[in-house]
Each structure stands twice: as structure tokens, then as C-alpha cells.
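Enquirer: Sharing a structure below in C-alpha cells format, with a few things to ask.
The values are calculated or read from the model by the stated rules, or taken from the named source; none is laboratory data. Nothing here was measured: the structure is a model prediction, and the numbers come from that model. Every residue, glycine among them, receives a Cβ derived from its backbone with ideal geometry; neighbour counts consider all protein chains shown.
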Amino acid sequence: MTSRHDAAALLGFATACAEAAGLPPAMARDVAEVLLEGDLMGHDTHGLALLAPYLDSLAAGGMAAAGEPDMVSATPVAETWDGRRLPGPWLTRRAIARASAMAEAVGLGCVTIGRSHHIGCLAAYGPAVAAAGKLLVLACSDPATASVAPWGGTRRIITPNPVAAAWPTPEGPVILDVSMSITTNGMTGRRRAEGTRFPGPWLLDAEGTPTDDPNAFFTEPGGTLLPLGGLDAGHKGFALGLLVEALTSGLAGHGRAEGTTGWGASVFVLVLDPAKFAGATHFLAEGAWMAGAVRGNPARPGFDAARLPGDRAMALRAKQLAEGVALHPSVPPALAKLGARFGLALPG
């Protein structure tokens, strides 16, 4: 059964848990806000379901709770940071703020981060950037693990490697968040725990045979997630996954070649200011035309309407802020158990 919880109460609970675990207030707030945004937007494998694993990682020394990222290199439009395993949401928000400041000055700004901790749901970072009239491109990978095989192969070498983007239109933002694999590690683990199968052959078993069984991923040797495009066009998804590897670990200078260990992320942040290109007026006019062309498109059978990326997420976010956040059934017990560690009660 799905439960609903007041968003503000959940935010207060998650922030209090993170502070009790040892995160400073600013870091705790960023972690709580980004994870809650994941649930608000419907990305519940990357929402508050991650709070307990994050704080377990903090207790085990896998996440740092103090200090600043080290500056590896800096130019007027690009910086590279060593994130020193600091909380991913805190680092990523700071990187976006820095890239935005560079974009305001010269049109674009880019920050890459090596050795960040996990950054949560990428879509969660987009609305604020779009609301400021800018365009965000965000990507990440985890060089310490792998789940996707090369096209034609059977052994894991890269992660799902999501790419997110956000930009404004006069009627609201366009927001996308797409993994370069057909499903994610988190969803595979959830389906295994639930005893459910995927809608189609979204994985390969260890011998390379297509399967819908999530248990095939957890064998030894393990199966693999098919790249985006699946059996028909997965070569395209794997190519895009390699591009993410280059933008993240490649540019950040810390990745798989170093034999990286520990749960974390390599991060790529790019912010562009349309005002420094052909102008914000032209940019918004193009966005308005495309939004109208999409939403006014005749719906095909089985669909109520065509929609822009982000339409569903933003509508769901507004609904859940008004009516309560619908947490996946597995999440409240985990949050209640976490709260009990710190003498905190999960809001009803």
C-alpha cells in the first residue's frame, strides 16, 4: 500500500537524520532536499530510498562530512574539482552555482568533479536552473562499479551513465533525465526484491542471452543491463554511455583507469546562458514554438496527449506538494528504522 507524507515534514525528518548522522546543516539540507525532489518527481529509486544507504556510507567512512573540494584546475569557463568523497548533492549544487556564475559572465561555465559521493536523481537539479533562465546539462558515472557490457559483449564495463538537461520555455521547463541503459541498477534490485520481472528482455544473463529476469544480474559472473535501445538499437545507447564516461571521469581525471573503489560519482556540469548567445527572447520563442508543436500534436492510440519531457514530473511534483508525497511501500519502513537510530519518528 502506498503511503502519503507531508513534503515539509519529510524534509525536516530527512534533514534531522542527516545532521544526527554527522553532516553539517548545509550538507544535510542539500542531501535531504535533492533526495526528496527525486520522490516528488517520481524517481523513487533515487529519492529518500537512498537516505539510509548514504548515512551508512557516512558511518563507514565512504562519505566525508567536512571540508571543501580541492581545485584541480581552473580557467574562466572551466574548473575541475576533487570532490574528496563529500556529499554528492552538496557538491553538485555548488558546481551548478559556480558554472552559472561563469555563464552569466561569458555565456557558459563547466565544472567537472572527480571523487564525488553519489549525487542522487539528476532531474532534481534542473528546475532551479531553468527557472533562472539558463540551460543545464548534467551527467554522471560511477567508476568504481559497472553494470553495462559493450555492444556485442557479455561483461560489465560501465554504469548506466545518466544524462539530464533542463531549459526554460514560457510555460515551464523542459526537463529530461535519461540513463544510457534500458533500466537502472536500483530498479533491478527493487524488482528482484519484489519478485517481479521486467516488461521485456531488458538484461542479458552471464552468457549473453536476453532475459526479463532481474535475478540474472546477480549471478556470478553477473548478467548485464542492456544499453538504451535494447536488442534492436543498443549500439547507440552504449556509444552514448561511452560519451558520458569521457565527459565525467575523462575530463575530471579520476576514473576507471585508476582502479577507483568506493560508491561515488564522476560528475559533469555545463550551464549555458541563452542571453549571451542569440538572446533570451529568441531562445524562449523557439521553446514556445516547440512546446506548442508537441502538446498540440494529435495523440496516438493509448495516449491522452503528447507531452514534453518533464511535463509529467512537474505535474506530479505539484500534486504531491499539495496532497502529500506517495512513497514506495519499501521506503517508510526503512526511514522509520533509520529514524529510530537517532531517536526521530517518521512523520505520519
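Enquirer: How do the helices (runs of 4 or more DSSP H) wholly within the stretch 259-348 filter down when requiring 2 or more residues that are on the phi > 0 side of the Ramachandran plot and aliphatic (A, V, I, L, M): which remain? Steps first, answer last, please.
Expert: Details: elements: 280-295, 311-323, 331-341.
Fully inside the stretch 259-348 and qualifying: nothing.
Enquirer: For the subset of the stretch 222-277 comprising residues that are touching a residue at least 12 places away in the same chain (Cβ under 8 Å) and acidic (D, E), which member is farthest from I157 (Cα to Cα)?
Expert: Result: D273.
Enquirer: Looking only at residues in the stretch 198-235 that are among the charged types (D, E, K, R) and not in a helix (DSSP H, G or I), which one is farthest from G186 (Cα to Cα)? Break it down into steps so the answer makes sense when it comes.
Expert: Within the stretch 198-235, the subset among the charged types (D, E, K, R) is 205, 207, 212-213, 220, 232.
Next, from what is left, pick out any that are not in a helix (DSSP H, G or I): 205, 207, 212-213, 220.
Working: D205: 17, E207: 22, D212: 15, D213: 14, E220: 19 Å.
For the stretch 198-235, the residue satisfying everything is E207.
Enquirer: Is it fair to say L225 is modelled with pLDDT of 95 or more, crowded, with 22+ Cβ neighbours inside 10 Å, aliphatic (A, V, I, L, M) and over 27 Å from R307 (Cα atoms)?
Expert: Details: modelled with pLDDT of 95 or more: yes; crowded, with 22+ Cβ neighbours inside 10 Å: yes; aliphatic (A, V, I, L, M): yes; over 27 Å from R307 (Cα atoms): yes.
Yes; evaluated as a whole, the condition is true for this residue.
Enquirer: Would you check which residues across the stretch 178-188 are modelled with pLDDT under 95 and of a type in the set (G, A, S) and list them?
Expert: Of everything in the stretch 178-188, just one residue is modelled with pLDDT under 95 and of a type in the set (G, A, S), namely G186.
Enquirer: Related question: When you check L338 against the structure, is it surrounded by 13 or more Cβ atoms within 10 Å (Cβ to Cβ) and more than 30 Å from E79 (Cβ to Cβ), yes or no? Talk me through it step by step, then tell me what you get.
Expert: Details: surrounded by 13 or more Cβ atoms within 10 Å (Cβ to Cβ): yes; more than 30 Å from E79 (Cβ to Cβ): yes.
Yes; evaluated as a whole, the condition is true for this residue.
Enquirer: Restricting to the stretch 181-217, what's the tally of residues that are among the β-branched types (V, I, T) and surrounded by fewer than 18 Cβ atoms within 10 Å (Cβ to Cβ)?
Expert: Within the stretch 181-217, residues that are among the β-branched types (V, I, T) and surrounded by fewer than 18 Cβ atoms within 10 Å (Cβ to Cβ) number 2.
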